[in-house]
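Right, one structure below, let's go through it.
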Amino acid sequence: MDRAVFAGCDAATAMSPAHHQRPKGASAVSTAATPRRRHVRRSDALGAFDTLPTQRRTPVRAVADPYEGDNASGKLLRKRVWVVYGMLLVALGCYLGSLIVRGPDEHLTWLDGWAVVGIELIASGLCLLRGIRYPQGRTIALVLGAGLLSWTIGDVALTLLTMGSAAEPAPSVADYFYLAFYPLAYVATVLLLRQTVGTLSRPNWLDGVIAGLGAASVCAAFAFHDIAIAAGGSATGTAVNLAYPIGDVLLLFLVVGGTTLLGGYRRGPWFLLAAGISLNVVGDTFNLFATSAGATAVGSDFNSIAWPTSIVLMSMAVWLRPSPPDPLREARTAGFFLPGLAAAGVLALLFVGTQQKVSETALILATATLVLVGVRLALSARDLRLLTEQRHRQAITDELTGLGNRRHLFQVLDTFFNPGPDERPGTMAFLFVDLNHFKEINDSFGHPAGDELLRQVGPRLTRAARSQSAVLRLGGDEFGVVLIGADVAQGTEVAQRIADELATPFQVHDVNVRVGVSIGIAIVPTDATDPPGLLWCADVAMYRAKLGNVPFACYDPELDGGEHHLLLIDELHDAIERGQLSVHYQPQLDLRTGRIVAVEALLRWAHPRLGPIPPMKFIPLAEDAGLMKPLTALVLDTALAQCAEWWSNGRYLAVSVNVTSSNLLDEGFTEMILGLLEHHHLPAEALVLEITETSIVSDFEASQAVITRLREHGVMVSIDDFGAGYTSLAYLSNLSVRELKLDYALITGLGLGREERDLELVRATIDLGHALGLRVVAEGIEDTATLDLLRELGCDVAQGYLISQPMPATDLSFRPTSEILPATQPTT
């Protein structure tokens, strides 16, 4: 403000010590000559950087390093620039020392005038050099450099004026250069904030505006009061006197507001800018205090050193290299300290205004600040409500599919099971939906394809479930469907619609893929009376559906419920040890000769209390209880014993036995197979081991090694359910298998008018198997049209209910094919 005081007054005022600060010992005339370097808005300094770390709700804009790709000459230039800045700081330190050492009335024009002007001129030139040399942030550096140079020229003009004996004009030439600094610094600051801050929410901007207005109002309370006292003379002189504090207030507003917005990391350039402007403001404050209360030695010295130091700091800021952002460091939001401090300051100012005279401008700014504080609080309350709602939605929504998540499911179930003190829960069907072969899709096409598939599944489930339902994603490839007021019939109806919807191929990355589905259905209150129990029941039913290769299954309390589940495991263990399990056999027909050439061994359990229990119900129990090894050994031994009996009677059939991946990877599995063949005096070709392709893929390398060893000993391995997965073609050529068994879903109803694409898919699969030297077996044949079609397509072996149902060995018939299938004419 001191420029406003001394530079804009008339001649008599300019010569009065009460209107400006000067170096110690200066005369009244020389006082007016003391250069007052206006605080520069180092706004561009940072803008040169374009990287200022902005802490805001939106991500900080990534800004290129202005010095990236510097060659040797560029690096040398930067080193020299910082050497010059070091020398300028040393010179300023020496100048401050001279002010302290000199007597109160000593004034050296060459030192207090020209030496200081030289420091400012070099600093301004370096700022301009930064804009000329580097394109990144050039505009801000050039605009700020022009402002600093304008201020320096004003100091040159003021020094020349004070060397003369005539009174200075009011306003002087120096005033015009000083005042030209303000719009340039203001523009540079605005450009810097726009480049650095980017997009902010209204509350963020209000925080900056509140902090800036509060600081400006406090500053105006001092500045405008004393300027109004000092102002006199012409209207032009008064206008110039008022222009200085207005410029200071505006720049202070931007600096404080910008500091609030830029709270966060990598604040070095902005710190230098803020420090330079703060020095300017504090220097003006000392000058105002000196004007009204008398000069002090400390105040005079600080007043003289503040402005050249401010210019040097602002110039340095444009050369300060930004530190690289740390992507692992958690972003911080802008603090509310400065806005809160500003609000407290204006409250104090308004209180003082009730006791004594305060500048009208300061009161207007203070009132505006409080109004904005009220607006900010209103917006904060609104944003808090919106944020609470948003966080709640995010907490109960699956991000990938947009469906409800597991947390939402439990909210729905808790509300359903706890309706009110006088109400009882109604009925509900819960469907646990699991996609089959989803892992193979991820492995074959990548996780982005899997994510795209899951996004497409959601709308289909919603469409199938229809109204009065909630569709949720429970995690991975598992979904849930809540049907309020539904019973078993309605639950199974929706499950069928879901299976039909998901049977249509999905288009993922321009490729059509198919997924199967396994659905477990549980009913309230029949099956469960609380949320955990309901999920457990549906999960168990879903697992049985998956193992049984059926689209859905309802919870069966006799087999799946609590103590029955544990009891069945114990009973299954006893049944294995006592040989109470039986093996049925389903014939396989050679389509070229019309003869039965093999049988598949299928395990059966006739429970003494529950009756026949199909494998899809007790195999999961064996898996859970770790009984698969003895169970498989039992089936192999029984099947090979029966096969040996057939061989001894001159019926040379092969027997197929299903094994799991856990069986295949059991230590000593190969030795067990060879031992059983030797025990029953059977050659290796009498046994075929069937394993699903998905089981092989789960641990491909280990499975490949075991299959290779088995083939070396002559044991055939067959890929069961081929076509149900998506990884077979990728691994098939590397496996030592000798048979493909086509999945029943590819075969069922093939001859009854299915789409041409289905026919071509089966044809291509058969041709592929033959090209690889494999025997192709088709299962699930239930009509003669399909059997005839498969023969035309070149399929080798057929299996299905049309040929024979699974039955005990004693009931099997090996009659000629013409007697079994009179409508079929086998070729020879």
Tally of residues being touching a helix residue (DSSP H, G or I) at 6+ places or on another chain (Cβ under 7 Å) and among the charged types (D, E, K, R) across region 450-472 = 2
inquiry  = List the residue pairs whose Cβ atoms are under 9 Å apart, where the first residue sits in region 504-532 and is closer than 30 Å to residue 426 by Cβ and acidic (Asp, Glu), the second is open to solvent by less than 20 Å² (accessible area, probe 1.4 Å) and part of a loop (DSSP other than H, G, I, E, B), and the two are 6 or more positions apart or on different chains.
reply    = 527/561
request  = Among residues belonging to region 759-779 that are among the β-branched types (Val, Ile, Thr) and in contact with a helix residue (DSSP H, G or I) (Cβ under 8 Å, 6 or more places away or on another chain), point out the one that is farthest from residue 738 (Cα to Cα).
outcome  = 762
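So which of 607, 564, 584 is at pLDDT 90 or above and not hydroxyl-bearing (Ser, Thr, Tyr)? Don't jump to the end; show me each part of the working.
Working: 607 fails: at pLDDT 90 or above; 564 fails: at pLDDT 90 or above.
Among 607, 564, 584, only 584 is at pLDDT 90 or above and not hydroxyl-bearing (Ser, Thr, Tyr).
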query = Quick check, is residue 582 in contact (Cβ under 8 Å) with a residue 24 or more places away in the chain, hydroxyl-bearing (Ser, Thr, Tyr) and over 19 Å from residue 472 (Cβ atoms)?
reply = yes
inquiry  = For region 801-828, give me each residue that is assigned to a helix (DSSP H, G or I), open to solvent by less than 30 Å² (accessible area, probe 1.4 Å) and modelled with pLDDT of 85 or more.
reply    = 809
key: Residues that are touching a helix residue (DSSP H, G or I) at 6+ places or on another chain (Cβ under 8 Å), of a type outside the set (Val, Ile, Thr) and within 17 Å of residue 306 (Cα to Cα), drawn from region 117-146   = 120, 121, 123, 124
ask   = Between a first residue in region 438-460 that is within 19 Å of residue 503 (Cβ to Cβ) and a second residue that is acidic (Asp, Glu) and surrounded by 14 or more Cβ atoms within 10 Å (Cβ to Cβ), which pairs have beta carbons less than 6 Å apart while being 6 or more apart in sequence or on different chains?
value = 438/477; 460/501
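Out of all the residues in region 695-712, is one or more modelled with pLDDT under 95 and more than 30 Å from residue 439 (Cα to Cα)?
The initial filter retains those residues of region 695-712 that are modelled with pLDDT under 95, namely 695-712.
Among the residues that remain, those that are also more than 30 Å from residue 439 (Cα to Cα) are: 712.
Yes, region 695-712 contains at least one residue that is modelled with pLDDT under 95 and more than 30 Å from residue 439 (Cα to Cα).
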task = Taking the residues in region 647-672 that are in contact (Cβ under 8 Å) with a residue 60 or more places away in the chain and open to solvent by less than 40 Å² (accessible area, probe 1.4 Å) as candidates, determine which candidate is farthest from residue 622 (Cα to Cα).
result = 654
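Output the residues belonging to region 759-800 that are farther than 24 Å from residue 690 by Cα and not in a loop (DSSP other than H, G, I, E, B). Don't jump to the end; show me each part of the working.
So the first thing to find is which residues in region 759-800 are farther than 24 Å from residue 690 by Cα, and the list is 759-760, 783-785, 788-789, 792.
If the condition is that a residue be farther than 24 Å from residue 690 by Cα and not in a loop (DSSP other than H, G, I, E, B), then 759, 760, 784, 785, 788, 789, 792 are the ones that fit.
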ask   = Any idea which residue in region 276-290 is modelled with the highest pLDDT, counting only those that are open to solvent by 30 Å² or more (accessible area, probe 1.4 Å) and touching a helix residue (DSSP H, G or I) at 6+ places or on another chain (Cβ under 7 Å)?
value = 279
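Could you say which residue among 121, 144 is open to solvent by 50 Å² or more (accessible area, probe 1.4 Å) and assigned to a helix (DSSP H, G or I)?
Working: 144 fails: open to solvent by 50 Å² or more (accessible area, probe 1.4 Å).
The match here is 121.
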note = For residue 709, the lone unmet condition from (1) open to solvent by 10 Å² or more (accessible area, probe 1.4 Å); (2) over 17 Å from residue 583 (Cβ atoms); (3) out of contact with any helix residue (DSSP H, G or I) (no Cβ under 6 Å at 6 or more places or on another chain) is (3)
task = Filter the strands (runs of 3 or more DSSP E) completely within region 403-505 down to those with at least 2 residues that are under 29 Å from residue 761 (Cβ atoms) and open to solvent by 10 Å² or more (accessible area, probe 1.4 Å).
result = 428-436
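Does at least one position in region 209-219 carry a residue that is open to solvent by less than 60 Å² (accessible area, probe 1.4 Å), modelled with pLDDT of 70 or more and either farther than 30 Å from residue 321 by Cβ or touching a Cys at 6+ places or on another chain (Cβ under 7 Å) (or both)? Before the answer, list the steps.
Taking region 209-219 first, the residues open to solvent by less than 60 Å² (accessible area, probe 1.4 Å) are 209-219.
Adding the requirement that they be modelled with pLDDT of 70 or more leaves none.
No - not one qualifying residue is present in region 209-219.
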inquiry  = Pairs please, first residue from region 809-820 and of a type in the set (A, V, I, L, M), second anywhere and part of a helix (DSSP H, G or I) and at pLDDT 75 or above, Cβ atoms under 9 Å, 6+ apart in sequence or on different chains.
reply    = 809/642; 809/645; 809/646
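Filter region 605-622 for residues that are touching a residue at least 60 places away in the same chain (Cβ under 8 Å) and open to solvent by 30 Å² or more (accessible area, probe 1.4 Å); which is farthest from residue 650 (Cα to Cα)?
Taking region 605-622 first, the residues touching a residue at least 60 places away in the same chain (Cβ under 8 Å) are 614-617, 619-620.
Then keep just the ones that are open to solvent by 30 Å² or more (accessible area, probe 1.4 Å); that gives 614-617, 619.
Working: 614: 32, 615: 31, 616: 34, 617: 36, 619: 34 Å.
So, considering only residues that are touching a residue at least 60 places away in the same chain (Cβ under 8 Å) and open to solvent by 30 Å² or more (accessible area, probe 1.4 Å), the one farthest from residue 650 (Cα to Cα) is 617.
The values are calculated or read from the model by the stated rules, or taken from the named source; none is laboratory data. For clarity, every value in this text was computed on a predicted model and none was experimentally measured. Cβ atoms come from the backbone with ideal geometry, glycine included; neighbour counts cover every protein chain shown. Each accessible area value is taken on the protein alone, full model and side chains, heavy atoms only, with ligands, DNA and RNA left out. Shrake-Rupley method; radii C 1.70, N 1.55, O 1.52, S 1.80 Å.
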